[in-house]
1. Work out the length of the dipole vector of region 54-153 about its Cα centre, built from +1 on the beta-carbon of each Lys and Arg and -1 on the beta-carbon of each Asp and Glu, and round it to the nearest 20 debye.
2. Could you rank the peptides 24-37, 96-109 by their average count of other C-beta atoms within 10 Å per residue, with the highest value first?
3. Where does region 24-116 land on the Kirkwood hydrodynamic radius, alpha-carbon pairs, in angstrom?
4. Starting from the amide H of VAL116, placed 1.01 Å from N in the peptide plane, find each other amide H under 5 Å away whose residue is 5 or more places distant or on another chain.
5. Amide H neighbours of LEU144 under 5 Å, counting only residues 5+ apart in sequence or on other chains, H built in-plane at 1.01 Å?
6. Tell me the carbon and sulfur percent of the accessible area for region 24-153, rounded to whole percent, probe radius 1.4 Å.
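The values are calculated or read from the model by the stated rules, or taken from the named source; none is laboratory data. Bear in mind the structure is a predicted one, so any value in this text is a computation, not a measurement. Here the Cβ positions follow ideal geometry from the backbone for every residue, glycine too, while neighbour counts run over all protein chains shown. Keep in mind that these areas ignore ligands, DNA and RNA; they rest on the heavy atoms of the full protein, side chains included. Shrake-Rupley method; radii C 1.70, N 1.55, O 1.52, S 1.80 Å.
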Amino acid sequence: MPIAGAATAPGEGYFMWRATTDAEANFIFDLLADPDASGPMLEYAQWLEGQGDAQRAEFLRLELGPRENAQRLGVLREQLDQRWLATVTSRRFRVGDGVRILAGVCEGIEGQIAEVDPQRGRAGLLLHMFCRQTDLFWVAFTDLRLVRRSAVR
């Protein structure tokens, strides 16, 4: 079940992907342990390619590339397991980060992450609309693009 735009409310469903092998679990652990490093992502992509999983390998490599890859990333997001996408993309976001919404009813609007929910693959955003701050608006990690990193770690 893909999450787009406003995701399900907290407490609904379970949205976590599980590695199929110990080797893959180690790659995922390395990705999450150092979210700003590209090395673990490239190593995981190379391993996936060796396992015959070219689509997921391509997604990881494109994630590291320039914004010109947005169209291809969008196609891959539609084809890949949403739980896996939530797991590998969650590493990029933390509370306080500024993000732009890439899909759904609020496409193009920027907000600030107030809460991160990696189990469901989403972030709760504070949006400033009509000179007022909104309640948390839940958006899938796959529908977000980092605009500015929070100074707080």
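1. That gives a dipole near 340 debye.
2. Ranking the peptides 24-37, 96-109 by packing returns 96-109, 24-37.
3. Kirkwood hydrodynamic radius for region 24-116: 14.2 Å.
4. GLY124
5. Amide H neighbours of LEU144: LEU102.
6. 51
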